[in-house]
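Asker: This is the structure, below, for whatever I ask next.
The values are calculated or read from the model by the stated rules, or taken from the named source; none is laboratory data. What you are looking at is a predicted structure, and each value in this text was computed from that prediction instead of being measured. Cβ placement follows ideal geometry from the backbone for every residue including glycine, while neighbour counts extend to all protein chains displayed.
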Amino acid sequence: MSGSLPRATRSASPSRRRSLVALPALTALVLTLAACGDSAEGDDEGAAASPSAADFPVTLTADNGEVTIEEQPDAIVSMSPSATETLFAIGAGDQVEAVDDNSTYPTDAPITDLSAFTPNAEAIVGYDPDLVVLSDDQNGIVDALEALDVPVLLLGAAEDLDDAYAQMELLGEATGHADEAADTVADVQDRIQAAVDSVPADAAGQKVFHELGPELYSADSSTFIGSIYGLLGLENIADAAPDPSGGYPQLSAEFVVEQAPDLIVLADTKCCDQSAATVAERPAFAAVPAVVEGRVVEADDDVASRWGPRVADFAETVAEALQG
């Protein structure tokens, strides 16, 4: 899914490192404090901290290089589910004109039949966008849109949490919601830290198997989702895979059973109808500690595969399982 981490329906591939213009930590803190101190409409100080056309033009650096946005966009097309979730979380939802057919959250996002897998420049331009956000450059779509003078932000899959935070802040700058983006980042950071703090000390070092599909594709610690398990103090069995495959190895059933994970997280419940019950029915899996102890987490595929603000939901879900 474009805008999501690899799933069972696509070949797994490594994330790309990008050079994003991220607000320094001190600046992010100042913005967060300023957002908390906003006053009512009409107050000069509050008005200065709110989204304003005066903040434009802005020049940002994304995967497709430097991008200048001349005016605050009010007709955004998001071709990335992760970006869609972020845009609505930072208060830019009203500026979103259309989203791709995989942007299923939030439910009031203006979903269309636009495909991020086979993007069509003419179809996208039909929505008269003043900003297009992409997570992949499929079919040369970036060049095609730029040739039509449409500002494009290419934001590929986040490699870690810092990368995800940088994208949230960049989208805040791009849409005139820098303060709200800083607030969102701070909230996600606080929730993840609280989740980490809630994990019992004796859970440290427990083994986890993250399942992307019933074919047993997984994600090791070098990936975005793997970094969450690292924060929670877990040992990722995919790190010992004989073929790392760029961070998303395909494991064998024998390998998983031999590794004896204490926790199994299913990120294929929606796509592939997997559940704690189906896992227990697999040959030899009934003896795996996670199955014996009832620690098979039936995660929401989308929450577990996107790098938007709901990553905090995912961290909380895993932490809750470890508390049991």
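Asker: Consider only pairs whose beta carbons are under 7 Å apart and that are at least six residues apart or on different chains; among these, list those whose first residue lies in the stretch 241-259 and is assigned to a helix (DSSP H, G or I) and whose second residue is surrounded by fewer than 16 Cβ atoms within 10 Å (Cβ to Cβ) and polar (S, T, N, Q).
Answerer: Close Cβ pairs (under 7 Å, with a partner that is surrounded by fewer than 16 Cβ atoms within 10 Å (Cβ to Cβ) and polar (S, T, N, Q)) amount to G246/S13.
Asker: Can you name the residue in the stretch 137-165 that is assigned to a helix (DSSP H, G or I) and in contact with a helix residue (DSSP H, G or I) (Cβ under 8 Å, 6 or more places away or on another chain) and, of all such residues, is surrounded by the fewest Cβ atoms within 10 Å (Cβ to Cβ)?
Answerer: A144
Asker: Moving on. From the list A287, A260, A304, pick out the single residue that is among the small types (G, A, S) and under 24 Å from I192 (Cα atoms).
Answerer: Checking each option against the conditions leaves just A304.
Asker: While we're looking at this one, here's another question. Looking at D183, D220, D262, D243, which is the one that is outside the structural domain of S305 (by TED's automatic domain parsing) and of a type outside the set (G, A, S)?
Answerer: Matching residue, one of D183, D220, D262, D243: D183.
Asker: Another one. Being of a type in the set (D, E, K, R) and under 16 Å from L212 (Cβ atoms) is the filter here, so list the residues in the stretch 225-239 that pass it.
Answerer: Within the stretch 225-239, just D239 meets the criteria.
Asker: On to the next question. Taking the condition crowded, with 21+ Cβ neighbours inside 10 Å and among the polar types (S, T, N, Q), does Q189 pass?
Answerer: no
Asker: Right, next: Out of the stretch 280-318, which residues are closer than 20 Å to T184 by Cβ and among the aliphatic types (A, V, I, L, M)?
Answerer: Result: V303, A304, V311, A312, A315.
Table: residues versus (1) aliphatic (A, V, I, L, M); (2) within 16 Å of V150 (Cα to Cα).
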site	(1), (2)
A54	yes, no
S78	no, yes
T86	no, no
Q95	no, yes
Y105	no, no
